[in-house]
Each structure stands twice: as structure tokens, then as C-alpha cells.
1. For the range 554-659, which trypsin sites (Lys or Arg not before Pro) are in a loop by DSSP, counting at most 16 other Cβ atoms within 10 Å?
2. At a Förster distance of 56 Å, what's the computed FRET efficiency of residue 502 paired with residue 183, Cβ-Cβ distance as r, to 0.05?
3. Is any residue of the range 78-114 close enough, with backbone N under 12 Å, to a label point placed 7 angstrom from the Cα of residue 62 along the Cα-Cβ axis, and if so, which?
4. With a point put 7 Å past each Cα toward its Cβ, work out how far residue 382 is from residue 570 in nm, to one decimal.
5. Within 10 Å of each residue's Cβ, count the other Cβ atoms and sort 197, 687, 70 from fewest upward.
6. How much FRET efficiency would the formula 1/(1 + (r/R0)^6) give for residue 547 and residue 586, where r is the Cβ-Cβ distance and R0 is 35 Å, rounded to 0.05?
7. Taking all pairs of distinct Cα atoms, average 1/r, flip it, and tell me the Kirkwood hydrodynamic radius of the range 497-635 in Å to one decimal place.
8. Using a 7 Å offset from Cα along Cα-Cβ at residue 538, what residues in the range 506-526 end up with backbone N under 17 Å from the label point?
Amino acid sequence: MRAADSLQLSPAIQQQLLRLQQENKLGDWLNAYLDYIEEAPLQRIDILMQLPQLAWRSYQTYPERLIWFDMLALQGYYQLQTGNILTSITAYEKALAFYEAYPLPDAQIIEYVLKPLGNNYTRLADYGMALYIHRKTLALAVKANDRNMVASVLGNMAVSARWQGDFEAATLYCRQAMKQVGRNTALQGLLYNTYADVLAQQLRYDSAQWYCGRALQQLAMRKDDARVLYWYGGALQQMAGLLMYLQKPEKAMAYIQQAAELYRQHYPASRQREKAKLYVLYGNAHLQMNKGAAAAQCFIHALQLLLPRWQPNKGLPPSETLLYGENTLGDALEGVAKSWKVQGNKEYAFLWFVCALQAQAPLRQAFFYTASKLREIEVTRNRADAAMELGYALWKSTAKPEYARLLLQVAELSKAQVLWEEQQRSAGSGRAGTGDDSIFKSRERLQQAVIYYKHELLERSDSGISNLLQQAEYKLALLQRQERESRQQAGEVQPDIEKLMASLPDNVIVLEFFEGASGCFLLSFDNKEVKAVTRLSAGTWLQDSIQLFLQNWFMNGPAAMMNAPQDFYINSYLLYKKLFPDIQWLQGKRYLVIPDGVVSLLPFDAFITKEGAAGQYAAWPFLFKEALLSRAYSLQSWVQQQQPDYKGAGVSGFFVSARRAGNHALLTTGKEYTTLAQRVKGTYYFDSLATLGRFKAALPATQVLQVSMHAALQPEPLLYFYDSAFYLSDLQFSAFHPSLVVLGACRTADGGMLKGEGVNSLQRGFVAAGAGGVLGSLWNVNDATAVELLQLFYQYLSASSDAGVALHRAKTEWLERHRTDAVLQLPYYWAAFEYTGHLKPVPLTSAAPGYRWIAGAAVLLSGIVLWGIRQKRARR
């Protein structure tokens with residue numbers, strides 16, 4: 001026994017423990033410790049967490065395993081009582097892994113571990129993980145023919161579905177659950193309360209109040225049961241929340257006060273998280289009554305429960321080092337911000353909103369499923385929107401540079417965060433050989449299994465495969481959590497704004513957009529300071545104008561531009577002035593544009609920068625003639641692309657004009673293939689040689705990857721190789737770090753909009769997977785134009801400082817070559833290609849003369865093979 005631990009124990013208990021250890025009675029020794037801890041669990045929780053290390057040996061018999069399991073489950077339970085949900089989850093996960101390694105028939109796995117673990121995932125908003133655990137629990141409950149347990153688990157599944165926004169599934173689970181329970185029972189009351197919440201989310205407040213009222217009636221009659229008492233407290237909070245939806249805060253207060261008295265009387269030293277949630281509800285009720293000071297006190301009380309080490313200091317928010325992943329913590333911080341705003345203190349309100357945003361990061365990083373991360377980003381964006389409004393007003397009234405930097409921090413904390421985490425994970429794949437080799441091998445097998453099961457489900461719906469996928473994803477999530485915690489312990493955390501700005505080269509100016517619900521902003525900065533913050537518009541006017549501009553001039557072919565060039569000229573100039581007011585484009589400077597929302601779809605090079613008549617197309621004052629632009633998804637993600645030393649070698653090119661399946665239109669990639677192969681030394685595959693297997697083999701070592709083939713964005717981004725489709729999500733587990741990816745497929749930078757994350761395109765997929773830079777197109781590019789522009793791009797790539805410069809030179813020469821062709825001067829033909837990524841050289845080697853003959857012969861041979869296949873089909 002360690003001396004430091006023994007000082008916490010009375011001499012009698014020390015003597016008892018020593019005797020049991022000498023008699024080698026591990027089970028009795030554990031029970032003696034657990035009995036001692038349960039007398040004051042919250043004060044003695046540190047001893048509980050140290051028990052596995054204090055034991056002189058491991059378990060050997062079945063009874064010892066059973067007691068060891070109980071110890072692990074109690075660690076999870078009491079950590080939750082203190083409000084430490086992340087440590088609670090870790091403890092429950094260990095208990096579940098312990099049970100599954102050697103099942104214990106006498107262990108109460110459902111009540112002790114599965115139910116609380118699933119509920120913890122729900123509390124953390126990781127609903128994918130929660131549903132996996134709930135389904136596992138449901139299977140055991142059905143097998144045991146335990147109707148009440150089945151109903152209870154279905155109720156938990158309803159809660160997860162409700163938070164995912166799947167109200168149809170939530171309603172179904174509630175109804176199925178209510179069929180399993182007896183009338184006028186406590187469990188029926190709990191289910192009524194759950195159903196009331198589902199109804200409230202669908203704005204059916206009258207029905208929700210009726211069900212919540214029935215829940216309160218049934219639960220109130222059985223409050224002598226400790227478990228039912230807790231449910232009754234939840235129903236009181238539910239009714240208070242419903243009344244606040246109906247803007248009746250005074251009536252809500254009565255229910256809040258009842259719940260507060262219940263917690264004070266029955267849980268004086270536990271249920272800290274639930275108490276904090278109640279204080280947040282209390283604070284929101286005060287806010288509805290416009291009582292800012294009273295509201296602030298409630299939110300502060302919530303924070304003191306969740307952050308016991310924090311002491312309020314002159315109205316300032318907690319230090320970022322104290323924050324951790326917890327929904328209620330973010331809600332309380334946001335509540336204080338709103339309270340200061342109601343009191344008219346914009347400065348404090350802004351600082352607390354920034355702190356609330358900082359609290360989102362550890363919560364989001366704890367999630368495994370991307371869908372859970374994206375839902376959390378929506379919460380982040382709403383808080384960022386409020387913060388930008390306040391911060392901008394402060395900056396305009398004071399001109400203090402610290403406000404400008406905080407505004408930049410707000411923009412970055414709410415932009416491309418999921419993408420950055422995917423980049424981090426991809427970078428981790430490149431370090432696969434380091435650390436615990438057994439963990440690496442387990443992770444690799446699970447990654448392969450996840451990819452396989454996903455492909456199978458895309459081909460056919462199969463509940464068995466779906467279950468296997470969920471199991472593999474759950475195990476992979478646990479391994480990735482271990483790796484994330486290791487990175488955090490090693491100091492690998494998100495860099496601050498100062499460091500991000502300092503990483504910019506001296507000649508780079510960044511123009512970062514922020515698109516909010518109440519307006520759009522533009523921030524201009526370099527590696528030393530934020531030079532300007534501009535409010536571009538109020539409301540959604542600008543977003544609507546951009547959508548109309550794109551629809552009219554770029555999304556439906558070149559006809560509109562050819563038929564009404566003067567109208568395009570005027571529209572383009574007006575939109576340019578709205579997006580870049582008062583920007584002076586400086587010679588010798590590089591401009592890194594970080595768009596947001598619908599701005600991401602704009603071809604910046606095509607903007608007209610001077611007012612006037614259209615005149616000759618070749619003389620139009622395009623922005624691209626005044627400034628050299630490239631793109632990034634966020635400053636943070638760009639730094640991630642800029643930092644690595646890309647060690648790949650050579651060019652790998654894949655060109656598919658017609659697939660073996662023959663179910664797509666014929667592409668003219670042969671000329672693109674021949675042109676590139678004749679000019680740049682590399683390894684190229686055309687049509688039947690451009691197989692998925694060769695693509696996967698080329699991934700780990702290539703410097704430049706060229707892909708020209710059909711692509712699709714639904715059900716997720718994919719590329720169609722000659723023999724098979726490739727889903728970009730497969731790259732998340734690969735060692736893929738090329739310096740440059742060139743996408744010749746159509747609309748590779750276009751796709752659905754992910755709030756706060758940009759366009760869900762092929763281009764974003766390759767960035768997430770680890771590409772240093774990506775060249776893609778915003779709309780369907782004319783084949784001849786694409787071939788010639790890419791040829792010029794590669795021609796300039798080796799002689800340029802980076803791919804952005806090469807693309808700019810290629811466009812310049814293309815326009816000069818076609819100076820006499822008025823139609824080809826229109827930006828529809830040349831402005832689609834955009835470069836996103838690092839600003840580093842990409843060295844290439846010119847092709848040997850003999851290789852040019854081989855490339856031409858390969859295209860000819862492929863054409864003969866394709867002709868032969870078609871002839872055979874014609875004879876059938």
C-alpha cells in the first residue's frame with residue numbers, strides 16, 4: 001500500500017486492508033475499499049480511480065472478476081455524479097471492454113454500464129455512438145424478454161433520434177416503448193415526458209404540455225422511489241422549458257424552483273451536471289424577462305458547479321485551460337454573454353461569447369461521427385454570428401487592434417474545424433509506424449473493415465452488415481480517442497491566432513470572409529496585424545445576390561454571357577464592389593482568399609474591377625489581371641497544408657474516357673493524357689490501365705496526382721476509374737500526402753454546402769485526406785479549354801514558386817493566345833479552375849523524347865481496344 005494513499009484511511013481500515021492483502025484475498029480487499037469509498041464517494045473518488053493500480057495483483061477467479069467489473073462501473077457512475085462526463089465515459093468504456101473480453105453472467109451489464117454509457121454519449125451529443133450502445137442494449141433486453149428494459153432502451157433511442165432531428169424515428173421509438181409498459185406506471189410517466197420533448201421540437205406545444213402534465217402526475221405518485229424522483233425532476237424541467245417556448249417565464253419559474261428544491265433536498269453533494277442544467281434554465285428564464293443581472297448569477301452558479309477550480313474574477317470569463325467537452329458548459333458561457341448584452345456591456349458580452357466558442361472545440365473533438373461534428377458546428381456558427389456582431393461594433397467604436405484579432409479568432413473557431421480535424425487525422429496516418437505497434441495494427445484492421453462494410457452497404461441494404469459496421473466504428477472510435485489523448489498530452493493542441501498569423505509569408509495578404517445570419521464580414525490581415533474589418537451587408541441580401549449571379553452567368557452554360565455581355569459586366573462590377581470595398585491590390589503581394597458560405601462558389605478571377613462600358617472583351621479589367629489569388633478553407637487548415645515537407649516523387653496520372661461498364665458519356669481525356677505525358681515525366685494510365693488498384697498503389701509515394709474522369713458527389717464524393725468507383729472517404733485512413741492534386745473531372749470544386757465547412761466537393765475531400773494543394777473547377781469546363789489550360793499549367797509549374805502562380809500564368813497565356821477570339825475571352829471559358837493550398841514549389845521533370853512516342857501509342861492502342869469492345873457489343 002502506498003504511503004500517500006494510506007494517510008487518507010483510518011488505522012483500523014489500513015489494518016484490515018493489509019491483513020486481506022497478506023491473505024491474498026483480492027475480492028474481499030476490493031469490497032472493503034468500495035465500502036469505505038461509498039460512505040463519501042465524491043470526497044474519496046480519487047481513491048476509487050486508483051484502485052486498479054493499488055491492487056497487488058490482478059483478478060484470477062470468477063468472483064474476483066465480478067467485483068473488478070463492479071469497481072469499473074462505479075468509477076463511471078461516481079465520475080458522472082461529479083459532472084466529469086468525459087472521465088465517466090472512459091470508465092464505462094473500460095467496464096464494457098472488460099465484460100466483453102470475458103462475459104460475466106451475473107453482472108448487471110445493462111443497468112450498470114450499457115444504459116449509463118449510452119446516456120452519457122447522448123449528454124455529450126455524440127448520438128451515433130449513443131445509438132450503437134442503445135441497440136446493443138436493446139438486443140440483450142429482448143433476449144431476456146424484459147419488457148420494461150426494452151421500453152426503457154427504446155425511450156433512450158427516442159432521445160438520441162430527437163437530438164439528431166429525426167422526429168419520425170423518435171416518435172416511432174416512443175410509441176413502441178409505450179406498448180411495452182403497463183398503464184399508470186412510473187416508466188410510462190418517463191416515456192410520456194420523452195414524447196413531450198419530441199412533440200415540442202415539432203412545435204406541437206399543446207400536445208407536449210398534455211403529455212408532460214400526465215408524466216408529472218404519474219411520477220409524483222411514486223416519488224418515494226429514488227430513481228423515479230430523479231425522473232420527476234427531469235419532468236419538472238421539461239415543463240419549465242415548454243412554458244419558456246411559449247414565452248411564459250414567470251410560470252416556468254415555479255417549476256424550476258420545485259426542481260431546485262428537489263435537488264437541494266435529495267442530492268446535496270451529487271448530480272452536479274443536472275443542477276448546472278437547471279441553473280442554465282433558470283438563467284434563460286431571467287433573460288426572457290430581460291433581467292440580465294439575475295440571469296448572470298444563475299449562469300455563474302452553473303459554471304461554478306461545472307468548473308470547481310474557477311473563481312469569478314471581475315466579470316471576466318474562465319481561462320481556456322479550464323474548459324472541457326460538455327454541452328452545458330457551453331450553454332452557461334453563452335448565457336453569461338447574453339446576460340452582459342442585456343445589461344448593455346458589449347465588451348464583456350463579446351469576451352464571453354469568444355469563451356463559449358473556445359469551449360466547443362474539445363466537445364466536438366470528442367465525437368467520432370462526422371455527422372455529430374457537423375451538428376455541433378451549427379451551434380458554433382450561431383454563437384460566432386452573435387460574437388461577430390458585438391465584436392465589430394466594439395472595433396468600429398474603439399479601433400482597438402485586440403478586438404480585430406478576436407474577430408479573426410471568432411471567424412477561425414467557426415470555420416472548417418471538421419476539415420482541420422480530418423487533416424490532423426490524415427497526418428496521423430502518416431505517422432503510422434510510431435507508438436504502440438499493436439494499437440496501430442488494430443486501427444489498421446478496423447479502418448479496412450469500416451471501408452469494406454461501407455462499400456457493401458452502398459451496394460445493398462443489409463442489417464447484418466450495418467451492425468458489423470457499427471461495431472467496427474465503435475471500436476475504431478475508442479482507439480482514436482486514445483491517440484487523441486496522447487496527442488493532447490504531448491502538447492499537440494490547436495494553435496492560437498498569433499502563431500497562425502506568424503506562419504504567413506511576408507508577401508501574403510489574407511482576405512477572410514465570414515457569412516452570418518445577420519450579415520457578412522471581410523477581414524484583411526497579414527503576418528503582423530489585422531488591417532481592416534469590413535461589414536459587407538446586413539441580412540441575407542448579399543448571399544441572395546451571389547446565388548442569382550452564379551445562376552444567371554455560370555451554371556447554365558455560356559449563352560447568357562454571350563448574349564448580354566454588358567449586363568454581365570455591370571453585375572460583375574457591382575458584386576465585386578460589395579465583396580471587396582476599398583481594397584487596394586498591391587503589386588508584389590499574394591492574396592490568400594478564405595471564402596465562407598455561398599462566397600465559396602464564386603470565381604474571383606472573373607470579377608470586373610472598373611466601372612464603364614463593356615467594350616472589347618480582351619480589354620476587360622478582370623480582377624485576375626490586378627491580383628494573384630489562391631484559396632484556403634481556413635487559415636488553420638492552410639497552415640496544416642503549408643507546414644509539411646512533401647516527400648513524394650514524380651507525377652501519377654489517371655485518365656478515363658470510357659469505363660468498362662460503359663454507363664457514362666464519353667470524355668475526351670485522351671488528348672489531355674497525351675499532352676501531359678509528352679511534356680512531363682511521370683507514370684500515366686489511360687482507360688483500361690487506369691484501374692482502382694493502380695490508383696491505390698500510387699497514392700503513398702506520388703508528388704503530383706492528376707485525375708481526369710467522371711466524378712459524382714452523391715451519395716458522397718467519388719471518382720469513376722475504369723473498373724470501379726472510388727469513394728473519397730476511403731482516403732481518411734490512408735497515408736496520402738501528395739504536394740498537389742490536379743482534378744480534370746467536371747465541377748470538382750462544386751458541391752453541397754456544409755455550414756461552417758465550405759463546399760462538400762472532391763476538392764475538399766482531397767484536402768481533408770492530406771493533399772498539400774488541389775486544382776479543381778467550379779463548373780463544367782469546355783474540354784478543349786481544359787486540355788490547353790492544364791497543358792500550360794504544367795508548363796509553368798516547375799518554373800513557378802507555387803501552383804497558384806503557375807495557374808495564373810497559364811490563364812494569362814491562354815487569354816493572350818486567344819486574344820482575337822472574343823467569345824473565348826469570356827470568363828465562363830477560363831475562370832473555372834481555382835487553386836486551393838500551400839504556396840510551395842512543386843518540382844517536375846520534363847518527359848524524355850522517347851516517352852512521347854509511347855504515350856501516343858498507348859492512346860492509339862486504347863482506342864483500338866475500345867473500338868473492338870463496341871464492335872462485339874454491336875454483333876450481340
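1. Loop-located and lightly packed - 589, 610, 647.
2. 0.25
3. Counting backbone N atoms under 12 Å from the label point, the list is 103-107.
4. In this crude label model, residue 382 to residue 570 measures out at 4.2 nm.
5. 70, 197, 687
6. 0.70
7. 16.0 Å
8. It comes to 516-522, nothing else.
All of the numbers you see were taken from the coordinates with simple rules; none came from a lab. Just so we're clear, the structure is a prediction, and the values are computed from it rather than from any experiment. Cβ sites come from the backbone with ideal geometry, for glycine too, and all protein chains shown count toward neighbours.
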